[in-house]
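Here is the structure we will look at, set down as structure tokens.
The values are calculated or read from the model by the stated rules, or taken from the named source; none is laboratory data. None of the values given here were measured: they were computed from a predicted structure. Here the Cβ positions follow ideal geometry from the backbone for every residue, glycine too, while neighbour counts run over all protein chains shown. Areas reflect the complete protein model, heavy atoms only, side chains present, ligands, DNA and RNA absent. Shrake-Rupley method; radii C 1.70, N 1.55, O 1.52, S 1.80 Å.
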Amino acid sequence: MNALSVAVAANLPVLLWGAPGTGKTSAVLALGERLGLPVEVVVGSIREPSDFAGLPVLRDGRTWFAPPRWAERLAESGTGILFLDELTTAPPAVQAAMLRVVLERAVGDLTLPASVRVVAAANPPEQAADGWDLSAPLANRLIHLDWTVSAASVADGFTAGFPPPSLDGLDPAAVRPADVSRSRALVGAFLRVRPELVLSVPDGPSRAWPSPRTWELAATALAYTGASEAVRAELVVGAVGEAAGFELLSWLRDLDLPDPETLLSDPTAPLPDRVDRVHAVLGSVVAHVAADGSADTWQRAWTLIARVARHTPDVAATAARSLAARRPRGAVLPGTVLHLTPILRSAGLLP
């Protein structure tokens, strides 16, 4: 339940996998009530593709793909939770129509507000009535969480009442752009070491699998400072799958990176020896510079890039391109780095 609450707070699309009758729908409705968000329940098994792609109608002499009322209600409220229930009972044509809804928040010619959360629930196909396997494209748009209940919690619920979802420490603002940038840099450094994990399309039906889209979800989950390490790990694995997720988490635990501000302030501060850690360090520095936004910090970062260029020029060139794209107004290159002509030219800072 904690992982579901964090996913909703962080606006990450999530899919709950669990047996029928275990309270998935009730939990989402209760969570929406605690957060003050309207919940629109859309059951896939009783819907048609037009319920997501829109019904073509004439309006002002042109074809308009009219959205259903549930989408109009969410758009009018400006926020809410779209709960796609019984996902594995939706036939393939309906699943295909859901793709743009989950990824782009588009329902026909209506775009749902960005603050509308997407939560789905599904029974394993073998437990669903007339169940279908979840298509790989739709699976790749969601973070997959296992929904389990214990006999003790059910017994306690019948005795003392089922507790409402816990919202302790949950704050949507806990996902800060600077933290997301830093997480993206760390994920990017990891994928340089394990490029084969950038994309691994499953041969058949699957749940979570790694792709650029799901690595983006994983990076956002890592950036959520309002969640415990265990919950963030659950979300990462739910985004990219167990093999890739556990490998990333293990790699992150082994990192011992210096603070970006320390490196920018002390030209003699030691740098890591491993190339992947240098990539991660420079990525964190660029994220720090972008969050700071000052010309002075941007200029000091070039001194660090010059240090890295002496030993690993290819790593320095990658960071230089990212840093150049974040140049503040009025910032000038320090004269001490003008000898890095090839790197500066590749970054677009020299003709």
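Observations, loosely collected:
- Taking Lys and Arg as +1 and Asp and Glu as -1, the other residues whose beta-carbon sits under 9 Å from that of TRP70 total -1.
- Simple label model, 7 Å out from Cα along Cβ direction - THR22 to THR312, nm: 4.3
- Heavy-atom SASA rank of THR220, THR262, THR88 (probe 1.4 Å, accessible area, largest first): THR262, THR220, THR88
- In this simple spin-label approximation, SER115 and VAL198 carry label points 7 Å from Cα along the Cα→Cβ vector, and these lie 3.7 nm apart.
- In this simple spin-label model, placing a label point 7 Å from the Cα along the Cα-to-Cβ direction at both GLU216 and GLU48 gives a separation of 3.2 nm.
- Mean residue ellipticity, 222 nm, helices only, the chain: the sum of -39500 (n - 2.57) across DSSP H runs of n ≥ 4, divided by residue count and rounded to 500, is -14500 deg cm²/dmol.
- Across the chain, the relative contact order, built from alpha-carbon pairs under 8 Å that are at least six residues apart, equals 16 percent.
- A simple count of charges around ARG274, restricted to other residues whose Cβ falls under 12 Å of its Cβ and scoring Lys, Arg +1 and Asp, Glu -1, yields -2.
- In plain terms, the chain from THR341 to ARG329 could stretch by 2.1 nm, reckoned as 0.36 nm per residue minus the Cα-Cα distance.
- Looking at the chain, the pairs of alpha carbons with a distance over 40 Å make up 25% of the total.
- Taking only protein heavy atoms and a 1.4 Å probe, the accessible area of the range 263-351 is 54% carbon and sulfur.
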